[in-house]
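The values are calculated or read from the model by the stated rules, or taken from the named source; none is laboratory data. Bear in mind that the values here come from a model prediction, so they are computed numbers and not experimental data. Using ideal geometry, Cβ is built from the backbone for each residue, glycine included, and neighbour counts are taken over all protein chains shown.
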Amino acid sequence: MSQLWQLGAEEIARGVRGGELSAREVFESCLERTRAVEGDLGAYLELLAEQGRERADEIDQRRRAGEDVGPLAGVPVAIKDNISVAGRSLTCGSRILEGYVAAYSATAIERLEAAGAVILGRCNLDEYGMGSSCENSSFQLTHNPWRLDRVPGGSSGGPAAAVATGVPLALGTDTGGSIRQPAAFCGIVGLKPTYGRVSRYGLVAFASSTDQIGPLARNTRDAALALKVIAGADERDSTSARRPVADPLAEIDNGIAGRAVGVATEIDNRSLPAEARASWRQALARLERLGAELREVSIPALDAAIACYYVLCTSEASANLARFDGIRYGRRAAGTGSLGELYRASRSQGFGAEVKRRIMLGTFALSAGYYDAYYGRALAVRQALRRQLETAFETVDLLVTPTAPSGAFAIGERIDDPLSMYLMDIYTVPASLAGLPALSVPCGLDDDGMPLGLQLMARPFDEAAVLAAGRAFEQDLDWKVEPTAVAA
Ligand code: GLN
């Protein structure tokens with residue numbers, strides 16, 4: 001008999017709407033399970049037990065009164081702590097925001113709650129979303145539930161570890177891979193929507209031109225359900241797209257037969273380690289067996305994508321983080337004299353090493369003397385990459401890559417080598433730079449027993465295509481999210 005915390009979002013909502021399940025009981029089960037594993041994992045910065053109980057009871061009452069309680073009725077959800085939840089702390093994993101309480105809820109949160117979801121807690125992340133391992137959080141480490149000495153991935157490492165163990169759904173954010181890579185590392189599904197598909201209102205900005213909120217779930221159907229709830233135009237975010245939201249669940253069983261799937265020739269030329277290479281080949285063979293037509297495509301700008309991304313994201317971060325100065329936002333340093341000293345001390349004490357590194361890199365890339373050489377050049381590369389991807393999508397429906405070059409690495413292994421950390425993002429940043437929808441689905445285990453992910457990308461706003469392909473893939477693989485380092 002499966003326990004309530006093991007149920008998927010769709011099953012929970014169906015049960016709660018139909019009166020066969022109580023939202024309160026589901027919530028208690030997820031809470032108890034989460035508490036049992038949290039000592040090992042460190043996925044949460046705060047559990048919202050009382051608030052969640054009240055919400056769950058309210059949903060049960062409304063259901064009994066005959067109300068339609070929504071497509072996510074009674075579904076417990078974990079939230080990455082860079083997304084505002086009104087009245088709750090919001091830290092972005094940073095000391096500088098300690099004590100800050102969100103004054104309003106993000107649009108994605110409002111939509112989740114209107115659909116009946118119940119927030120279980122705020123989850124750990126790399127400070128401001130900057131990182132690939134969660135080790136850049138100012139507060140705690142998060143451990144991978146498949147092996148506790150490994151990272152959960154980042155920056156949405158907390159949400160990914162939470163979904164792999166005790167809650168069916170989470171919201172993460174993805175600027176260069178932060179939903180997809182931790183999903184891959186924790187053996188779950190992660191969807192980065194098309195840029196503009198989901199409102200960024202209430203998300204603390206890291207790199208505004210690629211930041212997107214998206215779901216982490218245990219299967220593609222739940223990711224599709226969550227996307228449908230949070231997607232759509234929002235007058236409070238001018239970059240949110242006005243186009244209507246199709247129902248990705250309506251097409252999710254369409255499979256992948258007959259679809260043209262592009263494989264970039266550039267991938268094989270890269271250092272994909274031997275153990276990941278075997279799983280990659282098997283994944284391609286599986287896609288073919290499912291009826292996909294694999295085609296080679298060439299996207300030469302892929303080789304410059306990492307450099308391009310790290311110039312642009314650091315530039316945007318340096319501008320976005322200027323507001324955390326101890327006066328407008330952020331904890332103020334005590335005992336300083338002049339205004340300049342106050343800024344310097346507040347920011348020196350409040351920000352961690354990686355955030356400082358990026359602010360300095362970005363400020364340099366944007367400075368008058370170097371703007372053309374770095375920022376301007378990176379914009380041109382981004383344009384070229386976009387065009388090459390567009391051209392590829394004239395002949396293929398989907399593009400496929402590994403989500404990351406390897407499975408989860410050991411805690412401490414890369415933290416002193418930023419470049420090796422940045423290189424983990426090699427496959428995820430292209431979709432970010434081009435604004436494309438991209439999904440990571442589990443595709444097996446590496447030699448160390450760590451999960452690996454397969455990434456599917458599609459044309460802008462064609463989330464339905466990646467979800468249908470991912471669905472066919474996960475069903476054929478018959479994947480079970482049963483992380484080996486935590487007891488079932
Ligand atoms: N790992 C990437 C970075 O450090 C991606 C981060 C993200 O998507 N938020 O920038």
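For the reader, a short list of remarks on this structure follows.
- From the list ARG221, ARG197, the one residue that fits, being more than 14 Å from the ligand (Cβ to nearest atom), closer than 28 Å to TYR375 by Cβ and either of a type in the set (A, V, I, L, M, F, W, C) or touching a residue at least 60 places away in the same chain (Cβ under 8 Å) (or both), is ARG197.
- Among all positions in the stretch 147-169, there is at least one residue which is of a type in the set (Ser, Thr, Tyr) and either assigned to a strand (DSSP E or B) or under 8 Å from the mean Cα position of the chain (by Cα) (or both).
- Residue list for the stretch 203-261, restricted to those being closer than 30 Å to ALA317 by Cβ and of a type in the set (Ser, Thr, Tyr): SER208, SER209, THR210, SER238, THR239, SER240
- Checked against (1) closer than 22 Å to ALA217 by Cα; (2) surrounded by fewer than 21 Cβ atoms within 10 Å (Cβ to Cβ), ALA392 meets all criteria but (1).
- Pairing each residue of the stretch 241-259 that is under 20 Å from LEU287 (Cβ atoms) with any residue that is among the acidic types (Asp, Glu) and not in a loop (DSSP other than H, G, I, E, B), provided the two are 6+ apart or on different chains, yields C-beta distances under 9 Å for PRO248/GLU463; GLY258/GLU293; ARG259/GLU293.
- If you filter the stretch 155-182 down to residues that are more than 20 Å from CYS92 (Cβ to Cβ) and either out of contact with any helix residue (DSSP H, G or I) (no Cβ under 9 Å at 6 or more places or on another chain) or small (Gly, Ala, Ser) (or both), you find that the one that is farthest from the ligand (Cβ to nearest atom) is GLY166.
- Pick from the stretch 421-436, criterion within 12 Å of the ligand (Cβ to nearest atom) and not aliphatic (A, V, I, L, M), ranking: surrounded by the most Cβ atoms within 10 Å (Cβ to Cβ): THR428
- Here ALA319, ALA333, ALA373, ALA307 are screened, and the one residue that is surrounded by 14 or more Cβ atoms within 10 Å (Cβ to Cβ), small (Gly, Ala, Ser), more than 14 Å from the ligand (Cβ to nearest atom) and assigned to a helix (DSSP H, G or I) is ALA319.
- Residue selected from the stretch 24-72 under the condition in a loop (DSSP other than H, G, I, E, B), out of contact with any strand residue (DSSP E or B) (no Cβ under 8 Å at 6 or more places or on another chain) and in contact (Cβ under 8 Å) with a residue 12 or more places away in the chain, by the criterion surrounded by the fewest Cβ atoms within 10 Å (Cβ to Cβ): ASP68
- Considering residues of the stretch 437-458 that are over 14 Å from the mean Cα position of the chain (by Cα) and outside any strand (DSSP E or B) only, the residue nearest to the ligand (Cβ to nearest atom): MET450
- When the residues of the stretch 120-141 are filtered to those that are over 15 Å from the mean Cα position of the chain (by Cα) and in a loop (DSSP other than H, G, I, E, B), the one that is nearest to PHE351 (Cα to Cα) is SER138.
- Test for ALA102: is it out of contact with any helix residue (DSSP H, G or I) (no Cβ under 7 Å at 6 or more places or on another chain), more than 27 Å from SER2 (Cα to Cα) and within 16 Å of the ligand (Cβ to nearest atom): no
- Elements of type strands (runs of 3 or more DSSP E) contained in the stretch 177-288, each with 2 or more residues being surrounded by 24 or more Cβ atoms within 10 Å (Cβ to Cβ) and in contact with a Ser or Thr (Cβ under 6 Å, 6 or more places away or on another chain): 189-192
- Where a residue in the stretch 127-154 is over 23 Å from ARG35 (Cβ atoms) and within 16 Å of the ligand (Cβ to nearest atom) and its partner, wherever it lies, is among the hydroxyl-bearing types (Ser, Thr, Tyr) and at pLDDT below 95, with Cβ under 8 Å and at least six apart: SER132/TYR422
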